[in-house]
Every structure is written in C-alpha cells, then in structure tokens.
1. Condition first: among the small types (Gly, Ala, Ser) and either part of a helix (DSSP H, G or I) or within 7 Å of another protein chain (Cβ to nearest Cβ) (or both). Can you find one or more residues in segment A:219-230 that meet it?
2. Could you tell me whether segment B:181-192 includes any residue that is within 13 Å of chain A (Cβ to nearest Cβ), within 25 Å of A:Gly242 (Cα to Cα) and modelled with pLDDT of 95 or more?
3. Is there a residue in segment A:232-252 that is of a type in the set (Ser, Thr, Tyr), within 23 Å of the chain's Cα centre (by Cα) and modelled with pLDDT under 95?
4. Test each condition in (1) surrounded by fewer than 20 Cβ atoms within 10 Å (Cβ to Cβ); (2) of a type outside the set (Gly, Ala, Ser); (3) more than 7 Å from chain B (Cβ to nearest Cβ) for A:Lys316 and report the one that comes out false.
5. Which of the residues that make up segment B:157-216 are out of contact with any helix residue (DSSP H, G or I) (no Cβ under 7 Å at 6 or more places or on another chain) and of a type in the set (Asp, Glu)?
6. Determine, yes or no, whether A:Val174 is part of a strand (DSSP E or B) and under 16 Å from the mean Cα position of the chain (by Cα).
7. Do we find that B:Ser140 is among the small types (Gly, Ala, Ser), surrounded by 20 or more Cβ atoms within 10 Å (Cβ to Cβ) and assigned by TED's automatic domain parsing to the domain that holds B:Gly294 in this structure?
8. Conditions: (1) over 13 Å from the mean Cα position of the chain (by Cα); (2) under 19 Å from B:Met299 (Cβ atoms); (3) more than 11 Å from chain A (Cβ to nearest Cβ). B:Arg126 meets all but one. Number of the miss?
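The values are calculated or read from the model by the stated rules, or taken from the named source; none is laboratory data. What you see is a predicted model; the values in this text were computed from it and never measured. Ideal geometry is used to build each Cβ from the backbone, glycine not excepted, and the neighbour counts take in all protein chains shown.
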2 protein chains.
Amino acid sequence: MMRVPAERVRRQILNVLHAWGMDGDLAATTAEAMVETDLMGIDSHGLSMLMMYESLRGNGQLDLTARPRVMLDAPATALVDGGANLGHPNADFAMRLAVEKALKAGIGAVGVRNSHHFGAAGHYARIACAAGVVGFITSSARTLLLVPTRGTLPLLGTNPIAFAAPALRNRPFVLDIATTTVAANKVKVYDLNGKPIPEGWIVDEAGRPVTDSAEAMEVIFKRPGGGATPLGGAEITGGHKGYGLGVMAQILSATLTGAAFGAIRNPQRRPGDPDDIGHFFLAIDPRAFRPEGGFEDDMDAMIDTLHATPPSDPAKPVLVAGDPEAEERERRLQDGIPVPPALDRHIRDICGRSGARYELGGD
Amino acid sequence: MMRVPAERVRRQILNVLHAWGMDGDLAATTAEAMVETDLMGIDSHGLSMLMMYESLRGNGQLDLTARPRVMLDAPATALVDGGANLGHPNADFAMRLAVEKALKAGIGAVGVRNSHHFGAAGHYARIACAAGVVGFITSSARTLLLVPTRGTLPLLGTNPIAFAAPALRNRPFVLDIATTTVAANKVKVYDLNGKPIPEGWIVDEAGRPVTDSAEAMEVIFKRPGGGATPLGGAEITGGHKGYGLGVMAQILSATLTGAAFGAIRNPQRRPGDPDDIGHFFLAIDPRAFRPEGGFEDDMDAMIDTLHATPPSDPAKPVLVAGDPEAEERERRLQDGIPVPPALDRHIRDICGRSGARYELGGD
C-alpha cells in the first residue's frame, strides 16, 4: 500500500478544496483537521471523506464559500451559524472562541448550527488542551445509525462525545467516542475480510443480534430497520445508557443550537437542502477552580497510576484515552499515511473532475 | 413488605439527621434528596444509605455540622468546599448556584470538593430542569469498583454522569448513569436470588468474566483484584469508551476541584480523614442560544419521535431517559415506599443508638 507523507496529503486536500472554491484560510484549517485525523489513524474521517464532500457539494447541500457567523455573543456563550459549510472550519472557529471565553470567564460554551461533518471530534478537543484548558465536544451526525434500546429503527447518528484535559509530563487525556458500540466503518472492515462480527454490534429490524458481516452491511446501508447498538449493547449490559448518551449529544449539539433532528422527516425540507448538523463546544479553564498547576499535577499522578495498573495480558498494557492515536501519529509522521489503491483512484478522479492538481502519487 | 408513605420516610430521615446534629435547613435538603431517590425506585441510594452514613460519622469521616462554603466565585464559575458533610446539601447548594449563574451568564459551572455521597445524581439534574435550564452532573465515588480496560485492579468508582433537559408537553429528559456496566447493588440482588449474572458485568483479577453471582460478590467486596466492567463491557464491545467516560467524570469532579483520586494511596492520609469526594455541576440556559420556547418545542418533538419508534416487543415500548423513574415515582407516591424487614430493623437500631424517634412502622 502507498504511504504518503503527511505534508503531501495536506497539499492534496488543499488543492481539491481550493479547486472547489473554499477560501484560503478555511481550506487550510480544513486540510489541517483532515490530515491530523489521518495521522491519528482515524482513516474513516480524514482524506477518505473527500468523496462524500464531493457528493454533498454536487447535490448543492454544501456551501464551501460560507464563513462561520456569530449570531449570538455573550461573555461565556455564543451561537455560530455554519452557513452549510464543512464542519471543520466551523468547529475550529467555535472551539477557539470557546477557549477565548474560558480564558476570560473561566468557562465558554459555543454552539454551532447549520454545519456538516467535522471529522474527528478529538481533534478539536486537542485544540482546547493545547491552550491549557479542558475541552468537551458533542456533535449530531448525518446518517441515522443508532437503534434506541427496545426499538427497531435507527433514529440517531453515531453522535460523538469528545473530552480532553491537559497534563504536564504526560500526553493529554483525549477521549473521542461514538455513542454507538462501533462505527459503520468497522463493520465494513470485517466484511471485506469475510469475518463474522462480534455479537452486540449490530441488530436487525426485529432487535436480533446480527453476526454475519455481509448481512450487517445490508442492515446498515440498505434495510430501513435495524442498525448499530448504543454503547453497552443489549439492555441487560447497559445499552440504554449509550442510547441516553447519544440523545444527550443530540440535545447539546442540535436541540440547543436549533439544528436538525434527522429522524423527523421535515415536510418543508427539499432535496438539496443542507443537512443542518449541530455541534457543541465547551472549554473550562482549570485556573477558575484551582491555583495554577494543581490540575496538571493531579492529571499526571492519575495518568501515571492508570498506566501502572497491572494488565491481565502483559503484552497489552493499560492505556489512557488518546494513547493509541498519539502513538499512531508518531508512526505515521515517520512512515507516512497509508493510502489504499481504491482511495488513490477516487482522489485521482476527484482531481480530474475538479481540475485540482493530483500529487498523492509523488514527484 | 412494609410500604411507607413518602412523608413518613422523610420525617424518619429528618429525625435521624437532627439527632446526629445536622442543621435544620441542611437536614431538610438531605431528607428531600433521599426521599426523592427512594420515590424514583433507586433504593440503593436513599433511606438504605443511613447505615453507611452512620458508620462514616462514627469513624469521624463525616462532619454533619459543616455548611457548604464558596471558596472561589466568578460570574459563570464557582468552587465550593463541602466541609466533609454529606453530598446532598453540598450538591443542592452547588446545583442551585450553577442555575443562578446560568440564568444570568447563560452558563454556570460549580465544582465541589471535600464532599461525600450525594445519592442519585439525577435528582440534582432535575433541579436544573425545574428552573428551565439544562443540567449536567458528574461525581467521583468512594468505593473503587471500575476495572480499567486491560487492567486487573479497580481504580475508579462508579463515577456517575447525569444530564437533564426540560420539555413542555413531555416529562424532562433525565439521564442518570453509572459509568460501570452495573452498580454493585444489582449483583447483590442476583446473589440473593441465587441467579447467575449475565456475562460482561464483572471480571476477576485475571480479566475473565465472572457469571457466578456469589463469586461476583466476593470479587467486588472481598478480593483486591477484579471488579465491575466499564460501560461497554469487554474491549471488543467498546468497554474502553466506558472506562474513558469514568475517567472524564473523575477529572471534572475531582481533578478540577482538587478532590481525591481514591486509587492513589496518599501517605499523608490518616484513618478518619474524610473521603474528599468531588462533584461537578453545569447549568446551561437554552435562551443563551435560541429564542424562548424553541428548545422546549424541539425537545417535545424529539421525545415524541423516540416514544413512537416501533418496538421489537410490543409489550416493551421504547423509553426516554427518566421515564422509568418518573413512573415509579407516581406508583410510590400512591402506594408508599417499600421497606424490607432487614432495612426496617437497621433503621430501628439507628434510632435506638442516636435517640431519634422511630416512625417508619406507623402510628
């Protein structure tokens, strides 16, 4: 498989976004978020999303020329309209605004409506950390995938929750999770390898667990009923908790900001209308609660203790959220970002259609 | 089993708290929180906690005469020292302070350190809802129960997360979850009934699932290793997500407020020192983001849609977080709060030792 240096992946994304008419600064922010996502190993949310963005743009659902607009502004809160542009520039703008407010008011909450897919939520949580504050992020999502506990139809997206907190000696704690048990993409990988999926990931329209990966793909992408279980799986193992967390993310991201609840078929909605995805960004300055440095010292002590927990398998040490992504980032900075042949072909095609210069494949 | 009217349970709790020297207003707040918890069917966190509080008080770990003190105060944030009193009066005070700030600044975050068990987190989230704002709560916990993914020792408590949002036509959405798959109390119920527990609740010191309920009780209460799985269970079904949510609750409740991380054996700690539990309370006024009423209308539309999801079993309709507790509350307001004979005996004994008037058993 081709491995492409991060810098070249960034240039490739920039070329396409520029060809699509996105402003230079917003394109730079978007390319940065997408490359960081690929570097952290979250392949489903980086470069490979360009195909989806191209199709949204083709449908007229995406306005790459819009700039985030502050609609309501107060010392500790703000509402931003994303103008139906990609989520990345909206999220970057909103997270930085929340951080700015937190550094003055101790806390800042910024909601975004009328946005789109923003890549990996953890990327924006890391922006908060880099400024020395705690970050908390939720988002609604476009594709209905999560089947509520006891239900038969998917009514919520994977609605991610991210949370990050800075340390001093250690890497920051960065949690970035879907509120479903797994993302659709994981099922795809099992299907491609012809492997059955573990029980508890996907249920059919009768609420029965599906373990055949080909059938699971059908349930997710073709059949109206069935979908992904909420985190926790079945009700007996706490699936109602994951369902509740998914609704919490929906409320903060979309109900609070006035964005869409995808499961309601709005009769006023026309083909080509934007998806109206919502995001929520919270930043908290530890210095509003403790003298400078105390928080970070205690973070380090906690992270050290968690890392030192005796593991059940000595080959698999206990991790802290953010470890796998940070380690993958170091590897990929060294070795490049893997680009499968099919993705490379898609990118070549996008370049052909948009007139962007192709450069993944090298000099 | 004896069923006692809520009003009489409240008087019983008040009698004991007064006999223990708690101030009238703080005792009233505590009794209210405990009775509400029992009314909502969360038996493990209400009246039955008096035995634990008596033992903490006996050890000198609990100071029932302390009043919550605001240590740091800003328009949108505050830090409260709980003075080693029970969590209930501290949590009630902090949640109301957060709501007050949210009504002025759009958002309010109040941390509490040096506190104790506060009952059910959802009770305080409902206080936010009753004032028309969104509430979000986390807490650290005393007993180490959660075994980190890949680990063999419990390092975190059940660290609850609660979230509530008001509607108009519908009951509010009220999520109140432990970040473990189940609470220790659920295992106790299976053990009392001689039933095996479902795989995925408890793991032993080698990380193997335990299904024998008697062995599970031993793992939880007697053996140093093993404990409860995080929400999601095994790593393959997303247990690392629940582990991350547990750490998130720990960071917000304890690291941010300067409260204890129980897993670190502090050499300065002496027997009788308070547990130093931390809580975090966030309130958000929807009117900082949307015109009055828009949030509640969209909450109603979402809740209606969730309730209308076709269920896989027609006898078990799709629920929204808070439904089971609200329904149980109506039943118990009617029929009284069930008090098992063993609990009644404990309460009689506490009355005997404290000099409080016993009145559960009637006139």
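1. Looking through segment A:219-230, none of the residues is among the small types (Gly, Ala, Ser) and either part of a helix (DSSP H, G or I) or within 7 Å of another protein chain (Cβ to nearest Cβ) (or both).
2. Checked against the condition, which is being within 13 Å of chain A (Cβ to nearest Cβ), within 25 Å of A:Gly242 (Cα to Cα) and modelled with pLDDT of 95 or more, segment B:181-192 yields at least one hit.
3. no
4. Failed condition: (3).
5. B:Glu199, B:Glu205, B:Asp212, B:Glu215
6. So A:Val174 fits the description; yes.
7. yes
8. Result: B:Arg126 fails condition (1) only.
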